[in-house]
Every structure is written in C-alpha cells, then in structure tokens.
Amino acid sequence: MAEGLRERKKQETRIALSWAAVRLTVERGLANVRIEDIAAEAGVSLRTFRNYFNSKAEAIAAREVDRSLLIAAELRARPADEPLWTAIRASIESQFALGANGHGAELPPDEQWLAGIRLMVTEPSLQGEMARAYAAAGEEFAAAIADRTGTHGLYPRLVADVVGAARSAASAEWLRADPPRPMTELLGEALDLVAAGLPVPD
C-alpha cells in the first residue's frame, strides 16, 4: 500500500509540473518561462523538476504522453467482446473528459487560452519533443491493439497510426475552428469518419 501511495504521489507531481509548464507557456511564451518558474508554479523544488524532466519542452509534452499511455491501458481494459472501433473511441473519450486547465472538454476553449496554445505549438523545440513523445506512445497503443485483436505486424501498427492521425487532425481543427468546437465533438467525428471508411461528405 505504501508503494502504491508513493507511485500515486509521483504521478500527481508529474502532472502538476506538466500543467504548470503548459499554463506558464501559454501565458508568457516558451522563451519567457524558466524551469525555476515551472517548479515554483507547481510548488516543488528545482531539484524535483529535474528528477522528472530534462527540459521545459519535455514537461509540456508529458501531458500528452501520459494521456496516450492511459488510452492504451483503457483499451486493454475494455470488454473483450466490444467491437474494436467502439472500444478505441470509448478509450480515447475517457481520457478527454477534462480539457485544458481542468475545463470540461465538452466546453469551447477560452479565446486567450486558445491563442496561447496556437503560439505554443509553433515552437520548434516543442514540436520535436512532441514528435518523440507520440512515437513512443504510438508503440504502446499498437501493442494494445495487437493484444486485443490477436494480430501482429502491419495491422496493429496501421490502426495505431490511423488513430494518431485522427487525433492530430482533430487537434488541428480545434486550434483552427472559428467559432471553436469542443474537442470531444471533433474527436468523435474524426473517429466515426475513420470507422466508416472515410466516405466523401455530401
């Protein structure tokens, strides 16, 4: 029990640091945020920050890494007789119940927050870190699909990459849409289109 409590505390600290990094970067811009600021915002020491992350970009990317790993874990836990795409959609939606800054993902984003996110994702150092993070998380998701379907090789890798592309497209549309659309709505639409074979809209 003590070991489980320690692990939970470590995960809570990791999440707090990642959200602090995101919040400060959205408010100030990446160049104007120091790792000392992130540690202070999360209420921990600089040493603690360095125990978890090597850079502020890695701290920002951690939220999406953790979310992706939780999606894979949720997929493994879904009922075995549930259709694959139903299980994938439920797994993804379960991890988007809360959106940025704790706001419900069913709510449109605040315009100031959205503007900061748009600026943040253009940072080259963050783009590289996110690409590495998504690659690692994609491997875990492919493994979960392989376990669930009893397949190997191309199929689970292809499904994982298609789901990743759907998430990326939904995120891009979330940043672009005016007026803003809820992320859960965009994700559901993207996954429905993929599951239907991407028919050309009327």
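Scanning the stretch 24-50 for residues that are assigned to a helix (DSSP H, G or I), open to solvent by less than 60 Å² (accessible area, probe 1.4 Å) and more than 18 Å from S125 (Cβ to Cβ) returns A39, A42, L46, T48. Within the stretch 176-190, residues that are in contact (Cβ under 8 Å) with a residue 60 or more places away in the chain have Cβ atoms under 7 Å from residues that are among the small types (G, A, S) and assigned to a helix (DSSP H, G or I) in these pairs: M183/A170; L187/A170, counting only partners at least 6 apart in sequence or on another chain.
Which residue out of A61, A31, A77 is of a type in the set (G, A, S), closer than 20 Å to M130 by Cα and either modelled with pLDDT of 95 or more or touching a helix residue (DSSP H, G or I) at 6+ places or on another chain (Cβ under 6 Å) (or both)?
A61
Out of the stretch 62-84, which residues are aliphatic (A, V, I, L, M), touching a Lys or Arg at 6+ places or on another chain (Cβ under 8 Å) and surrounded by 15 or more Cβ atoms within 10 Å (Cβ to Cβ)? Correct list: A62, L75.
Quick check on my filter: what residues within the stretch 144-175 are touching a residue at least 60 places away in the same chain (Cβ under 8 Å) and among the hydrophobic types (A, V, I, L, M, F, W, C)?
Filtering the stretch 144-175 down to residues touching a residue at least 60 places away in the same chain (Cβ under 8 Å) leaves 144-145, 147-149, 159, 163, 167, 174-175.
Residues satisfying the conditions are A144, I145, V159, V163, W174, L175.
Of all residues in the stretch 169-195, exactly one satisfies the criterion of being part of a loop (DSSP other than H, G, I, E, B), over 24 Å from Q127 (Cβ atoms) and open to solvent by less than 70 Å² (accessible area, probe 1.4 Å), namely P182.
Going by the structure shown, is R118 open to solvent by 70 Å² or more (accessible area, probe 1.4 Å) and either at pLDDT below 90 or part of a helix (DSSP H, G or I) (or both)?
Yes, satisfied.
Each residue in the stretch 144-157 was checked for being open to solvent by 40 Å² or more (accessible area, probe 1.4 Å) and in contact with a helix residue (DSSP H, G or I) (Cβ under 9 Å, 6 or more places away or on another chain), and 8 pass.
Kindly check whether there is at least one residue in the stretch 86-108 that is over 25 Å from P182 (Cα atoms), surrounded by fewer than 18 Cβ atoms within 10 Å (Cβ to Cβ) and modelled with pLDDT of 90 or more. Within the stretch 86-108 (the criterion being over 25 Å from P182 (Cα atoms), surrounded by fewer than 18 Cβ atoms within 10 Å (Cβ to Cβ) and modelled with pLDDT of 90 or more), the answer is no, since none of the residues qualifies.
The values are calculated or read from the model by the stated rules, or taken from the named source; none is laboratory data. Quantities reported herein were computed from a predicted structural model and do not represent experimental measurements. Cβ coordinates were reconstructed from backbone atoms using ideal geometry, including for glycine residues, and neighbour counts include every protein chain displayed. SASA here: full protein model, heavy atoms, side chains in, ligands and nucleic acids out. Shrake-Rupley method; radii C 1.70, N 1.55, O 1.52, S 1.80 Å.
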